[in-house]
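Everything below concerns the one structure shown next.
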Amino acid sequence: EIYTLSLHDALPISAIRAVLNAQQSAWNRGDIPAFMNGYARSDATVFVSGDTITRGWQTVLRRYQKKYATAQKMGRLTFSNLEITPLSGDAAVVLGRWQLAREKDHPHGCFTLIFRRLPAGWRIVQDHTS
């Protein structure tokens, strides 16, 4: 069955876009804990990068804090080419691109995020970033 977008779905799309905008702003302030507010605070949260699967909100937070320990390593984050597709009333998938502007390099790639509508709002439950 194909899920069709209705006027009712504009709210989830704008809410998800707001989560991603808040993440980008938090990252660019150097605030990894605030960036992590976009993820579900759950042991079931999954982050996949390369051949590594990280499970659990706290573990994902520690991974980011270790990998991006300084402002120079964090750089300036930009999300682009966002495609937000509602899957149901409480789930959506987001396809997009990320780029870090750093002094010596500009790493970039793509991501697929699965968002769920939780009591705390729309949150990422699974993140596959390449």
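State whether one or more residues within segment 73-93 are among the polar types (S, T, N, Q), free of Cβ contacts under 8 Å to residues at least 40 places away in the same chain and loosely packed, with under 13 Cβ neighbours inside 10 Å.
Checked segment 73-93: at least one residue is among the polar types (S, T, N, Q), free of Cβ contacts under 8 Å to residues at least 40 places away in the same chain and loosely packed, with under 13 Cβ neighbours inside 10 Å.
Under 8 Å by Cβ, and 6 or more places apart or on different chains, what pairs join a residue from segment 98-123 that is touching a residue at least 12 places away in the same chain (Cβ under 8 Å) and open to solvent by less than 30 Å² (accessible area, probe 1.4 Å) with one that is in a strand (DSSP E or B) and charged (D, E, K, R)?
These pairs meet every condition: 100/76; 109/97; 111/97; 111/127; 113/127; 115/123; 122/116.
Does any residue in segment 15-30 that is without any contact (Cβ under 8 Å) to a residue 60 or more places away in the chain come within less than 6 Å, Cβ to Cβ, of a residue that is open to solvent by 30 Å² or more (accessible area, probe 1.4 Å) six or more places away or on a different chain, and which pairs are these?
Close Cβ pairs (under 6 Å, with a partner that is open to solvent by 30 Å² or more (accessible area, probe 1.4 Å)) amount to 24/79; 28/76; 30/71.
Pick out the one residue from 63, 76 that is closer than 14 Å to residue 127 by Cβ and more than 13 Å from the chain's Cα centre (by Cα). Give the steps one after another, and end with the answer.
Numbers: 76 fails: closer than 14 Å to residue 127 by Cβ.
So the residue among 63, 76 that is closer than 14 Å to residue 127 by Cβ and more than 13 Å from the chain's Cα centre (by Cα) is 63.
Can you tell me which residue is nearest to residue 16 (Cα to Cα) among those in segment 27-63 that are in a helix (DSSP H, G or I) and open to solvent by less than 20 Å² (accessible area, probe 1.4 Å)? Walk me through how you get there before you give the answer.
Just the residues of segment 27-63 that are in a helix (DSSP H, G or I), to begin with: 27-28, 32-38, 57-63.
Filter once more, keeping what is open to solvent by less than 20 Å² (accessible area, probe 1.4 Å): 27, 32, 35-36, 38, 60-61.
Values: 27: 17, 32: 19, 35: 14, 36: 14, 38: 9, 60: 20, 61: 20 Å.
Per the stated criteria, the residue is 38.
Please verify whether residue 68 is touching a residue at least 12 places away in the same chain (Cβ under 8 Å), over 19 Å from residue 122 (Cα atoms) and surrounded by 15 or more Cβ atoms within 10 Å (Cβ to Cβ), treating the condition exactly as stated.
On the way: touching a residue at least 12 places away in the same chain (Cβ under 8 Å): yes; over 19 Å from residue 122 (Cα atoms): yes; surrounded by 15 or more Cβ atoms within 10 Å (Cβ to Cβ): yes.
So residue 68 passes the test.
The values are calculated or read from the model by the stated rules, or taken from the named source; none is laboratory data. Model, not experiment: these values are computed from the prediction. Using ideal geometry, Cβ is built from the backbone for each residue, glycine included, and neighbour counts are taken over all protein chains shown. The accessibility values were calculated without ligands, DNA or RNA, using every heavy atom of the protein model including side chains. Shrake-Rupley method; radii C 1.70, N 1.55, O 1.52, S 1.80 Å.
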